[in-house]
Amino acid sequence: MVLGSAAATWPNLVAAQLSGRPALIAMLVSGSSSGWSRNVQSFRHGLKEYGYTEGRDIEIVYRYADGDPASLPVLAEELVKLKPSIIVTTSTSAALAAKQATPIVPIISALLTDPVGSHLAATEARPGGNVTGIEFTLKGLTGKQLELAREIIPRTSTVGLLTHMKSASNPQQRRDAEAAANALGIRLVPTDIDLPDQLGEAFRTYAQDRVDWVIVLGDSLFASEREQIASLAMSLRLPTIFPLREHVEAGGLISYGVDIPANHARAAYYVDRVLKGAKAGDLPIEFPTKVALTINLKTAKALGLDVPVFLQQRADEVIE
């Protein structure tokens, strides 16, 4: 058992260890319970891999924002009042809300975008403060998505970009998309939304502009509304690319992005280190190590598109 400086910084954790009570882990989820269930299960499985048993060693409490960033500060305050040993978050917005609620409780984020620019960390190598975790995006990811689009539709010249700029992760994602499109000579048509009922108008705008594809940025709001997005895209015959596999499972065409469940499983490593006495600010922020390509051939067929065999062979998962 580690006491020392950890005792001075996180008395709740040490008190739990000394009393034999399970350490409390608070999980602040930007998405919905249904949309994020696979990722939550990956995190829980990761904890089991490190030898933790719920009810004996740890307890986990959850708060879900259902894709609404404005609700995160209130939910974060609720969790802090429970005196958790650690807060685990699932987005940059959630990490920011948690940090605003407490400068003391260690915060582990499974998905971070530009943590230094967001003032969550001093550097990736040594974050300082009380926030660390794993990055959500990789440099060049959107460029690869655009290359995949041209593999399927070689004439691709105009691409819609669906954004939720109130989400802390979207500004950086949009900048990356604009840089990639400019390098490839592709015109982007950005549309920003705040509410689910704005999705219909956004997709009708893309159809009117005759875009070749729609790229949907990674965001909890879009993950929560993945079925509506897939339905709109299909009804307007618009091919779609996402960073999250769940969109393709719901009927989207392609996803290419960081393996989100793998990030959540990796978050368990950070929890283990902190529970054993490490300071969050001393644990380097990691870059994701796994990127996954998922293709929905049923959707491709409905859109009248042929997915090259070599892409199907490269895919981590093909839904037929």
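On the stretch given as segment 175-191, residues that are in contact with a Ser or Thr (Cβ under 7 Å, 6 or more places away or on another chain) and loosely packed, with under 15 Cβ neighbours inside 10 Å total 1.
Hey, does segment 235-245 have a residue that's touching a helix residue (DSSP H, G or I) at 6+ places or on another chain (Cβ under 8 Å), farther than 23 Å from Ala70 by Cβ and aromatic (Phe, Trp, Tyr)? For segment 235-245, residues touching a helix residue (DSSP H, G or I) at 6+ places or on another chain (Cβ under 8 Å), farther than 23 Å from Ala70 by Cβ and aromatic (Phe, Trp, Tyr): present.
Yes/no matrix, rows are residues, columns are (1) touching a Lys or Arg at 6+ places or on another chain (Cβ under 9 Å); (2) under 30 Å from Ala23 (Cα atoms):
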{"residue": "Gly218", "(1), (2)": "no, no"}
{"residue": "Ala233", "(1), (2)": "no, no"}
{"residue": "Phe242", "(1), (2)": "yes, no"}
{"residue": "Glu249", "(1), (2)": "yes, no"}
{"residue": "Ala267", "(1), (2)": "no, yes"}
{"residue": "Val271", "(1), (2)": "no, yes"}
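Residues in segment 155-171 include none that are without any contact (Cβ under 8 Å) to a residue 40 or more places away in the chain, within 23 Å of Ile260 (Cβ to Cβ), assigned to a loop (DSSP other than H, G, I, E, B) and assigned by TED's automatic domain parsing to the domain that holds Gln100. Taking into account only those residues within segment 50-72 that are β-branched (Val, Ile, Thr) and in a strand (DSSP E or B), which is farthest from Ser30 (Cα to Cα)? Checked segment 50-72; the qualifying residue farthest from Ser30 (Cα to Cα) is Ile58.
How many residues does segment 281-310 contain that are more than 21 Å from Ala230 (Cα to Cα), assigned to a helix (DSSP H, G or I) and in the same structural domain as Glu151 (by TED's automatic domain parsing)?
Applying the first criterion (more than 21 Å from Ala230 (Cα to Cα)) to segment 281-310 yields 281-291, 308-310.
Applying the additional criterion that residues be assigned to a helix (DSSP H, G or I) yields 281-282, 309-310.
With in the same structural domain as Glu151 (by TED's automatic domain parsing) added as a condition, the list becomes 309-310.
Final tally of qualifying residues: 2.
Every listed requirement among (1) of a type outside the set (Asp, Glu); (2) under 16 Å from the mean Cα position of the chain (by Cα); (3) crowded, with 24+ Cβ neighbours inside 10 Å; (4) closer than 26 Å to Ser71 by Cα is met by Ala265 save one, (3). For segment 250-269, state whether one or more residues are farther than 30 Å from Tyr50 by Cβ and free of Cβ contacts under 8 Å to residues at least 40 places away in the same chain. Yes, there is a match, as at least one residue in segment 250-269 is farther than 30 Å from Tyr50 by Cβ and free of Cβ contacts under 8 Å to residues at least 40 places away in the same chain. Within the option set Leu75, Leu47, being in contact with a Phe, Trp or Tyr (Cβ under 9 Å, 6 or more places away or on another chain), at pLDDT 90 or above and in a helix (DSSP H, G or I) holds for one residue only, Leu75. Being closer than 24 Å to Val40 by Cβ, small (Gly, Ala, Ser) and either outside any loop (DSSP other than H, G, I, E, B) or not assigned by TED's automatic domain parsing to the domain that holds Ala23 (or both) is the requirement here; does Ala278 meet it? Judged against the criteria, Ala278 is not a match. Considering (1) aliphatic (A, V, I, L, M); (2) loosely packed, with under 14 Cβ neighbours inside 10 Å; (3) touching a residue at least 40 places away in the same chain (Cβ under 8 Å), the lone condition that Val74 does not fulfil carries the number (3). Exactly one condition in (1) part of a loop (DSSP other than H, G, I, E, B); (2) outside the structural domain of Ser30 (by TED's automatic domain parsing) is not met by Gln313; state its number. Here Gln313 meets the rest and fails (1).
The values are calculated or read from the model by the stated rules, or taken from the named source; none is laboratory data. All of these numbers come straight from a predicted model, not from anything done at the bench. Every residue, glycine as well, gets a Cβ built from its backbone with ideal geometry; the counts of neighbours run over all protein chains shown.
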